[in-house]
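The structure under discussion appears below in the form of structure tokens.
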Amino acid sequence: MLRARTLLYRFRSWLHRRDVNVWYDPRYRLPLSGLQVGAGIEPRRADFAIWWLRETGAVTASAVHAPRRITYDDLARVHTPELLESLGRPEAIAHIFAVDPSDVPVDEVMTTIRLACGATLAAARDTLRTKRPALNLLGGFHHAAPGAAGGFCPVNDVAVAVAALRNEGFSGRVAVLDLDAHPPDGIAACLARDPKRWVGSLSGSDWGPLEDVDETVLPEGTGDGEYLDALAALLGRMPRPQLAFVLAGGDVLAGDRFGKLGVTLEGARERDLLVATELEGVPAVWLPAGGYSDRSWRVLAGTGMALAAGSAELIPPDYDPLDARFRVLSRELSPVELSDTGELTADDLEEALGMRPQRQRLLLGFYTASGMEHALYRFGIFEQLERMGYRQFRATFDSSGLGERVRVYGEAEAQEHLLVELVLERRRVLGVEVLYVHWLSLRNPRAQFSERRPRLPGQEVPGLGLAREAGTMLARMAVRLGLGGVAFRPAHYHTAYAARHEFAFVDPERQGRFEALVRDLAHVPLLEATIAIAEGRVRMDGAPYTWEADEMAYWLRESPADAGEVERERERVRFTLVEPSPAPMSGS
Ligand SMILES: [Zn+2]
């Protein structure tokens, strides 16, 4: 049944290859360092999706549009002054995104949100004019009501766009097809007085009836077949609109922290193809809405593939978007920009003869400090740090007892802070010379620990949320130095967890036990899992389990590990979590 549908769409897509316009800005990444560890949100979702769509040629450079921030005039058509005023305070934003207020650079967060809203409006105007589908890579903030934000939605971009278009004289019927895993409570509230709107919703959470919404609530673990049948029925009831907003939620995916529908990547793509076919010829704005798993970017990129190419082909499971991106950036950096590998000069000779002091220290015999700063800039690290409130970056090198030490400092509030500390060495692992990382600390000293941001084992200050960039950048350095990989010992579960996309334990049995641990603790937030392991509250096959800080490696050539051994151990062991013993009764 599904296969027949897929073939049909593929065939149709050859007849109707569409041009899709895409809205994207690198500032779509929320500058909240605690977002991923807290809510499980992948802050790089839009980046990963646009890189994929551009790299595959599904979307051309001229089809990608940079948004402008929505004006407060436009926001005020929908939202109360009290709500808009509250968004100037870190506490209010922190509440919406479930992070600590100390982690909220208000202006930068509002820039992200206002860019997304501006894009939803621009996309709506564009699709009305061109009749081409428009995809905005951030938006679908469907929980925001006129006077109340909530659930990762500070304001309601869809309602704001509808209000602006009405103000410009657009009087056609608007359909909002909400396919996020949660009901469109904010959209229903914002559009309640619009006589020419239809709102349809297919979700997996029953929050009580919403007025004037065609709602279908599916049970937990629904799966593809039933989900797509319910969607087809909903589409059958949708009146043909003059403008559609499609909230192609990424949280329908199996394994999502908050969505429980259990749809596969194939099913999510099938969904988008079905809707795109139904909306052929109707101006439509597509939005990602929610998504709380590290695979949610694949749903969003998939929406782009469905719209642009009518393609049902999945993104290869082992494709790593950050690695692919950094490879390209790394190729663009010439050795001369990073190091001191020019011709031998008179200065060099004088230095070698001891006639003048050494000019500078080279990291691992290659990088200059300014070369390192340049690389950090080109890989986008400084931009992320700037959005978190740091300026005036400076890299230094020296040696520690274990190896060569790199430190990166940045200024905030007229004070210099240590942001990155790294100790590196060339060393052999399994006979291969690798870049060995003795110590890596990513520090956000402006952020504070709190109930929302508990201290992770081993942390002195909260992290930067840039561990994945750090690992990928180290791999690019290893390539540059002609080494076979990168290795380190994860002192804690969360460190290994953050590295798991690129790194694997060198010992295949150890890797098998780690994969079993990730599998068996998938139902608890990372924070809880790492604390439980550190406190000895995890059991392996019934016996207390102590974290094994063995070497992990990112092999740049072939992996020496035997996949069979990994799998055998993974299937052999089972981990269980012991609840913390209840706190003693207090008098109050
Ligand atoms: Zn949702």
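On the given criteria, is TYR493 open to solvent by 50 Å² or more (accessible area, probe 1.4 Å), within 26 Å of GLN459 (Cα to Cα) and in contact with a Pro (Cβ under 9 Å, 6 or more places away or on another chain)? No; evaluated as a whole, the condition is false for this residue. Within the range 189-201, the set of residues being away from the ligand (no atom under 12 Å from the Cβ), crowded, with 23+ Cβ neighbours inside 10 Å and either modelled with pLDDT under 95 or part of a strand (DSSP E or B) (or both) comprises just one member, VAL199.
For the range 254-271, a residue qualifies if it is within 16 Å of the ligand (Cβ to nearest atom), within 21 Å of LEU138 (Cβ to Cβ) and surrounded by fewer than 24 Cβ atoms within 10 Å (Cβ to Cβ), and the qualifying residues are ARG257, PHE258.
For every residue, the table says whether it meets (1) more than 22 Å from TYR292 (Cα to Cα); (2) touching a helix residue (DSSP H, G or I) at 6+ places or on another chain (Cβ under 8 Å); (3) part of a loop (DSSP other than H, G, I, E, B).
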residue: ALA92; (1), (2), (3): no, yes, no
residue: HIS95; (1), (2), (3): no, no, no
residue: VAL99; (1), (2), (3): no, yes, yes
residue: SER102; (1), (2), (3): yes, yes, no
residue: GLU108; (1), (2), (3): no, yes, no
residue: ASP126; (1), (2), (3): yes, no, no
residue: LEU135; (1), (2), (3): no, yes, no
residue: GLY139; (1), (2), (3): no, yes, yes
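Consider the range 136-164 and keep the residues that are in contact with a Ser or Thr (Cβ under 7 Å, 6 or more places away or on another chain) and within 16 Å of the ligand (Cβ to nearest atom). The one that is farthest from ALA94 (Cα to Cα) is VAL158. PHE514 - would you say it is over 21 Å from the mean Cα position of the chain (by Cα) and free of Cβ contacts under 8 Å to residues at least 24 places away in the same chain? Criteria met by PHE514. Within the range 165-188, how many residues turn out to be more than 16 Å from the ligand (Cβ to nearest atom) and at negative phi? So the answer is 10.
Could we say that GLY118 is under 27 Å from GLY88 (Cα atoms), within 15 Å of the ligand (Cβ to nearest atom) and either open to solvent by less than 40 Å² (accessible area, probe 1.4 Å) or at pLDDT below 95 (or both) here? Break it down stepwise before answering.
Numbers: under 27 Å from GLY88 (Cα atoms): yes; within 15 Å of the ligand (Cβ to nearest atom): no; either open to solvent by less than 40 Å² (accessible area, probe 1.4 Å) or at pLDDT below 95 (or both): yes.
Criteria not met by GLY118.
Across the range 220-232, not a single residue is classified as among the small types (Gly, Ala, Ser), within 14 Å of the ligand (Cβ to nearest atom) and open to solvent by less than 40 Å² (accessible area, probe 1.4 Å).
Report whether or not LEU274 is surrounded by fewer than 24 Cβ atoms within 10 Å (Cβ to Cβ), more than 14 Å from the ligand (Cβ to nearest atom) and farther than 19 Å from ARG197 by Cα. Spell out the reasoning first.
Values: surrounded by fewer than 24 Cβ atoms within 10 Å (Cβ to Cβ): yes; more than 14 Å from the ligand (Cβ to nearest atom): yes; farther than 19 Å from ARG197 by Cα: yes.
Judged against the criteria, LEU274 is a match.
One residue alone among ILE96, ILE70 is among the aliphatic types (A, V, I, L, M), surrounded by 17 or more Cβ atoms within 10 Å (Cβ to Cβ) and under 24 Å from PRO283 (Cα atoms), and that residue is ILE70.
Can you pull out the residues in the range 22-67 that are of a type in the set (Phe, Trp, Tyr) and surrounded by 20 or more Cβ atoms within 10 Å (Cβ to Cβ)? Before you say what the answer is, go through the steps one by one.
First, pick out the residues of the range 22-67 that are of a type in the set (Phe, Trp, Tyr): 23-24, 28, 48, 51-52.
TRP23, TYR24, TYR28, PHE48, TRP52 - these are the residues of the range 22-67 that are of a type in the set (Phe, Trp, Tyr) and surrounded by 20 or more Cβ atoms within 10 Å (Cβ to Cβ).
Of all residues in the range 497-531, those satisfying the criterion of being open to solvent by 10 Å² or more (accessible area, probe 1.4 Å) and not in a helix (DSSP H, G or I) are ARG500, HIS501, GLU502, PHE503, ALA504, VAL506, ASP507, ALA522, HIS523, VAL524, PRO525.
Considering the range 202-216, and only residues there that are at negative phi and in contact with a helix residue (DSSP H, G or I) (Cβ under 8 Å, 6 or more places away or on another chain), the residue that is least open to solvent (accessible area, probe 1.4 Å) turns out to be LEU202. Annotation note: of THR71, THR120, THR111, THR80, the sole residue that is within 30 Å of ILE315 (Cα to Cα) and among the hydroxyl-bearing types (Ser, Thr, Tyr) is THR120. Please determine whether any residue of the range 387-405 is outside any strand (DSSP E or B), closer than 24 Å to LEU329 by Cα and open to solvent by 50 Å² or more (accessible area, probe 1.4 Å). No: the range 387-405 contains no residue that is outside any strand (DSSP E or B), closer than 24 Å to LEU329 by Cα and open to solvent by 50 Å² or more (accessible area, probe 1.4 Å).
Listed by first and then second residue, the pairs with beta-carbon distance under 9 Å, at least 6 apart or on different chains, first residue in the range 429-445 and closer than 30 Å to ARG391 by Cα, second of a type in the set (Phe, Trp, Tyr) and open to solvent by less than 10 Å² (accessible area, probe 1.4 Å), are ASN444/TYR390. The set of residues in the range 202-217 that are among the charged types (D, E, K, R), out of contact with any Lys or Arg (no Cβ under 9 Å at 6 or more places or on another chain) and modelled with pLDDT of 95 or more contains only GLU215. Restricting attention to the range 244-281, the residues that are touching a residue at least 60 places away in the same chain (Cβ under 8 Å) and of a type in the set (Val, Ile, Thr) total 4. Selection of helices (runs of 4 or more DSSP H) fully inside the range 16-90 by the criterion of at least 3 residues being hydrophobic (A, V, I, L, M, F, W, C) returns 35-39, 45-55. Just one of (1) outside any helix (DSSP H, G or I); (2) in contact with a Gly (Cβ under 7 Å, 6 or more places away or on another chain) fails for ALA549. It is (2).
The values are calculated or read from the model by the stated rules, or taken from the named source; none is laboratory data. Because the structure is predicted, anything quoted here is derived from the model rather than measured. Reconstructed Cβ throughout: ideal geometry from the backbone, glycine too, with neighbour counts over all protein chains shown. Areas reflect the complete protein model, heavy atoms only, side chains present, ligands, DNA and RNA absent. Shrake-Rupley method; radii C 1.70, N 1.55, O 1.52, S 1.80 Å.
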